[in-house]
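Structure first, commentary second.
The values are calculated or read from the model by the stated rules, or taken from the named source; none is laboratory data. Since we're looking at a predicted model, the values are computed, not measured. Here the Cβ is made from the backbone with ideal geometry for all residues, glycine too, and neighbour counts use every protein chain on show.
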Amino acid sequence: MTIAAEPVSSARRRPPACKTTPARTGMVALLGATLVGLTACAPARPNAQLQGRDLNGRHVRVADLAGQPAVLLLWRSDCGPCLIELQGWAGLERAARGRLVAVALEPAPPAAAASQRLGLPSTMVWTASEPASEVLTRFGGAPPRLPLAIAVDSAGRTCATHHGILGTDRAKDWMRRCS
């Protein structure tokens, strides 16, 4: 006896506010597996509580970005894939006009040194005000991995997340789709 599983669209099983990159279908969606670097999608939820300081010492929060979509990248200076991702963001930031935020999950000195080496503007780099483990647990799912990109819509809600290197093309696409 053969049992054929009908492909299951992941979009039918997700809350309407949730977007994936790319969509999972078939057995992957049926089993609920998350493959590294393919997709990790969170339902829309406010991010207003995520806050920290930029490298100039100014208090910053995701709520300050309200009215425009943004892409946040959670990273550390000792994370090789994080540094690769940030190299691409250095050129993209000018076109993004403040909608890319690199949130360092470490103290300001190593984050500042890494961002200076990469040529990132000091206003683009934040250091999180809460412990890295709390931020990763809240946004990263299980197990949390870096780099972690989070697309935030114009209302400050998460509209997509991605573990691993996101790439500048996908970051631009997220800013368009999550407005």
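Assorted remarks:
- Total residues in the range 72-97, condition among the small types (Gly, Ala, Ser) and surrounded by 14 or more Cβ atoms within 10 Å (Cβ to Cβ): 4
- Only one of the listed residues (137, 161) is touching a strand residue (DSSP E or B) at 6+ places or on another chain (Cβ under 8 Å) and not in a loop (DSSP other than H, G, I, E, B). That residue is 161.
- Output for the range 134-157, where each listed residue is surrounded by fewer than 18 Cβ atoms within 10 Å (Cβ to Cβ) and more than 19 Å from residue 80 (Cα to Cα): 134, 137, 138, 141, 142, 154, 155
- Hits in the range 89-111 (condition: closer than 23 Å to residue 145 by Cβ and modelled with pLDDT under 90): 89, 90, 92, 100
- Screening residue 125 against (1) farther than 17 Å from residue 87 by Cα; (2) of a type in the set (A, V, I, L, M); (3) over 12 Å from the mean Cα position of the chain (by Cα) leaves a single unmet condition, (1).
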